Amino acid sequence: MAELSWKEVVLLTAVVAICYWNSTNCGFVFDDVSAILDNKDLHPSTPLKNLFHNDFWGTPMNEERSHKSYRPLTVLTFRLNYLFSELNSAFYHLLNLVLHAVVCVIYLKVCHLFLDRKSSLIASLLFAVHPIHTEAVTGVVGRAELLSSIFFLAAFLSYTKSKGPNNSIVWAPIVVTVILVAVATLCKEQGITVIGICFVYEIFVAQGVSIIL
């Protein structure tokens, strides 16, 4: 797997900044109102443990009206935003922009597993500017997807290092993978699906099983 060059990282970051810098001028819209403006879990006066008892919107998980979206680590980043900038939306959007750049850089590293350097960079640039990511980056609540994606991709990269010489198992990367899967899931529930990706990688890449039609 090719190592990332600083030029690739700078290019990806610049492209993300150009595409999404205008989002820093946006306020809180749609679900941001419930998750940020109306969520008492962001306030320093609220016990930190509440984040692990409440759903994404600040409602106790055991209440019937709870949405049951359990994303305490994402809410924790909102709380950190509140700690440093209270309800200044620009800083919330800026952090989303930075997180998207991180996702793109890690995605480039994943691409290096399967493609040559030029193709990997092109794929990552297309990924960075693809309009399907607009909601995740420009909506503050989309941070759940961004954070989950970071740890999702990191978990997969870690798993790809778990195969040693003669098909032996290297346990350290597997332990790291398990931890990263848990973190991805605590950012957004879909993070757990990386287990399926690792399974497919193990069967068709690590073990070299082919399907003959």
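Excluding LEU51 itself, calculate the net charge of residues whose Cβ lies under 14 Å from the Cβ of LEU51, where each Lys or Arg counts +1 and each Asp or Glu counts -1. Provide the component values of the computation, followed by the final result.
Numbers: positive: LYS40, LYS49, ARG71, ARG79; negative: ASP41, ASP55.
Local charge sum for LEU51: +2.
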- Query: So what are the ³J(HN,Hα) numbers for region 192-201, from phi and the Karplus equation (6.51, -1.76, 1.60; θ = phi - 60°), rounded to whole Hz, Gly and Pro as x?
  - Reply: 5, 5, 5, 4, x, 5, 4, 5, 5, 4
- Note on the structure: The helix 89-111 Cα axis meets the longest alpha-carbon principal axis of the chain at an angle in degrees, between 0 and 90 and rounded to 10, of 10
- Taking amide hydrogens as modeled 1.01 Å from N in the peptide plane, which residues meet the under 5 Å criterion relative to ASN54, leaving out close sequence neighbours? MET61
- Query: What's the center-to-center distance, using Cα atoms, between region 38-75 and region 121-182 in Å?
  - Reply: 25
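Could you compute the FRET efficiency for ALA206 and HIS43, with r as their C-beta to C-beta distance and R0 at 45 Å, rounded to 0.05? Before the final figure, lay out the partial values.
Working: r = 47 Å, r/R0 = 1.04.
About 0.45, to the nearest 0.05.
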- Query: What residues qualify as long-range amide H neighbours of LYS163, i.e. H under 5 Å apart, gap of 5 or more or another chain, H built at 1.01 Å from N?
  - Reply: VAL170
- Listed by chain and number, the lysines with an alpha carbon less than 20 angstrom from that of LYS68, same-chain partners under 8 positions apart left out, are LYS40, LYS49, LYS188
- Distance in nm between pseudo-label sites at VAL33 and ALA17 (7 Å out along the Cβ direction from Cα): 3.4
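Would you mind ranking HIS130, HIS43, HIS100 by Cβ crowding within 10 Å, fewest neighbours first?
Details: HIS130 10, HIS43 13, HIS100 29.
In order of increasing Cβ crowding within 10 Å: HIS130, HIS43, HIS100.
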- Task: Lys and Arg at +1, Asp and Glu at -1: add these up for the other residues within a Cβ distance under 14 Å of VAL170 and post the number.
- Result: +1
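Under 12 Å from the Cβ of ALA184, count the other residues' Cβ atoms, weight Lys and Arg +1, Asp and Glu -1, and hand me the total.
In short, 0.
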- Distant-in-sequence amide H partners of GLY27 (H built 1.01 Å from N, under 5 Å): none
- Task: Over region 6-206, calculate the relative contact order: mean separation of alpha carbon pairs under 8 Å at least 6 apart, over the residue count, as a percent.
- Result: 22
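Each value in this text was obtained by applying a stated rule to the coordinates, not by laboratory testing. This is a predicted model, so every value here is computed, not measured. We place every Cβ from the backbone using ideal geometry, glycine too, and count neighbours over all the protein chains shown.
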